[in-house]
Amino acid sequence: MQKACSTLSLILIAAVVSTASGALASLPPPVQSVLDKHKVPARAVSVVVRDLGSDSDLLRYRADTPRNPASVMKLVTTLAALEILGPGYVWPTEAYASGTIRNGRLAGDLIIKGYGDPYLVTERFWQFTRGLRDRGLTDIDGDLVLDNSRFEASAAGAGDFDGRPDRAYNALPAALSLNFQATRFQIVADGHANRVRVIADPPLAELTVDNQLRLVDGRCSWKHYYPNVAIVPVERGGRIRFSGDFSARCEEGSVNRIVASAPQHVFGAFKQLWGEMGGSLAGSLRTAPTPPGAIRLHRIESPPLSEVVRGMNKFSNNLMSRMLLLTIGAERFGAPGTVANGRAAVEEWLARSGIEAKELVLDNGAGLSRSARVSADTLDRLLRRAYSGHVMPEFVASLAISGVDGTLWRRFGRSPLAGRAHLKTGSLNDVSGVGGYVLAQSGRRYSVVLLVNHLEAHRGSGKAIQDALLEWVYQH
């Protein structure tokens, strides 16, 4: 018995010494237990946990293995953008006239030039359009010309990733992009009229909404909340049909869909808003660079980059991240911004920063990719650089807060972890990841990176592994 106790004491002492003198080389028991439960092999997992106060590793496991990070890749794009462009960077959107204006009538074309504003939403586009009216423009005899020359046109198709071209996460970047290229259809039960209303945002002049939803009084369940949606894109006629039942007991619902190409989306919204403001547009849509001699009529600017990255990371917006990478490329190498020159600019920045990342495959900068790769070690070095750098407040503030907002608003709400972690999550089929910072109950702050690449990791096992690791870090 005495020998058994002595052996146990030696094991406990060895564990303490191992933790105190260096990083754990194996996964903590709570994490390993979750892996065993979900039949996920340890070789499918990479982890780095580092004490930011002592700058020492708490846990390192397969840290150098390149893995698909899903949207955790946005950490790379975000920090590169904040350091290269600066937190105060803004994107303009401009309007030009190619002819003369007399008594409010433009005898020529109206040109709208985009510079890649990733946060040109309906409200700001309405203000932009209103600004043109306030400057005396009423009637446009020519076309609406959209200038997307700031970015190279994507050769990919919106459905190339997963065959779902109408999904907002698949939107392709364009220098002039409205409302993340998606139309939000708000679904509202109108008990007084005994009907269901569908409200489009932004409203599109050339889109017909075929509302066949039935108002019912059943329980607000899946079948009484999520409608069936069928889409004919604007380029082929412009029609979206909603069918099914919607319960009067449900709160307002919404569906976000891509119903048009980026230019058609902007054109449809402008035509609708312009008409509502009493203006007229005689011509149609064209895409072309701004001609020499065009006169600038109006200009607005985006919110600063420090605010834009908050919307991008907290809600994991793929289009915003892709547009950010193209902006980095255009600023560093000149227009048009391309994926290739964006990646080259980020690689230059990494080299200047002393971060060797030979395994990095940045792809489109958003993590919506099957070929993207990065190691947990590289992500941890980025997190540590960000935390000690001059853009730390803006970077950390862009991450979702556990139990509070973004992709984490429903997680850890009743846990001691609530409000104590700033994290970027990521998920694709067979991929789950998280990276960011945790304030432990001890008052020590840790950088944390976890990447899981395994069959069905996105269906629950990845999240369970994240929870176990984050709770372990918190309690440490």
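General remarks:
- Taking region 341-385 as the range and being over 20 Å from the mean Cα position of the chain (by Cα), closer than 27 Å to W91 by Cα and not in a loop (DSSP other than H, G, I, E, B) as the test, the residues that pass are N341, A344, A345, E347, E348, W349, L350, A351, R352, R385.
- Filter pass, D217 being more than 29 Å from the chain's Cα centre (by Cα) and open to solvent by 60 Å² or more (accessible area, probe 1.4 Å): yes
- Filtered by the rule that a residue be among the hydrophobic types (A, V, I, L, M, F, W, C), crowded, with 18+ Cβ neighbours inside 10 Å and outside any loop (DSSP other than H, G, I, E, B), region 40-63 gives A44, V45, V47, V48, V49, L58, L59.
- Residue in region 409-432 that is β-branched (V, I, T), open to solvent by 50 Å² or more (accessible area, probe 1.4 Å) and modelled with pLDDT of 95 or more present: no
- Candidates R236, R332, R286: the one that is in contact (Cβ under 8 Å) with a residue 24 or more places away in the chain, farther than 30 Å from L85 by Cα and surrounded by fewer than 18 Cβ atoms within 10 Å (Cβ to Cβ) is R286.
- Given (1) under 26 Å from the mean Cα position of the chain (by Cα); (2) modelled with pLDDT under 95, index of the condition D117 fails: (2)
- Hey, V434 within 23 Å of E307 (Cα to Cα), of a type in the set (V, I, T) and touching an Asp or Glu at 6+ places or on another chain (Cβ under 7 Å) or not: no
- In region 363-385, the residues that are open to solvent by less than 10 Å² (accessible area, probe 1.4 Å), among the aliphatic types (A, V, I, L, M) and either under 12 Å from M73 (Cβ atoms) or at pLDDT below 95 (or both): A366, A372, V374, L379, L382
- Within region 441-458, the set of residues being crowded, with 18+ Cβ neighbours inside 10 Å and without any contact (Cβ under 8 Å) to a residue 40 or more places away in the chain comprises just one member, H458.
- Only listed residue being under 15 Å from E471 (Cβ atoms) and in contact with a helix residue (DSSP H, G or I) (Cβ under 6 Å, 6 or more places away or on another chain), chosen from S415, S427, S398, S402: S402
- When G116 is tested against (1) touching a residue at least 40 places away in the same chain (Cβ under 8 Å); (2) open to solvent by 10 Å² or more (accessible area, probe 1.4 Å); (3) over 20 Å from G283 (Cβ atoms), exactly one condition is not met: (2).
- Candidates E331, E359 - the one that is at pLDDT 95 or above and closer than 23 Å to L428 by Cβ: E359
The values are calculated or read from the model by the stated rules, or taken from the named source; none is laboratory data. Given the structure is predicted, the values throughout are model-derived calculations rather than measurements. Cβ: placed from backbone, ideal geometry, glycine included. Neighbour counts: every protein chain shown. Protein only, heavy atoms only, side chains kept; ligands, DNA and RNA dropped before computing areas. Shrake-Rupley method; radii C 1.70, N 1.55, O 1.52, S 1.80 Å.
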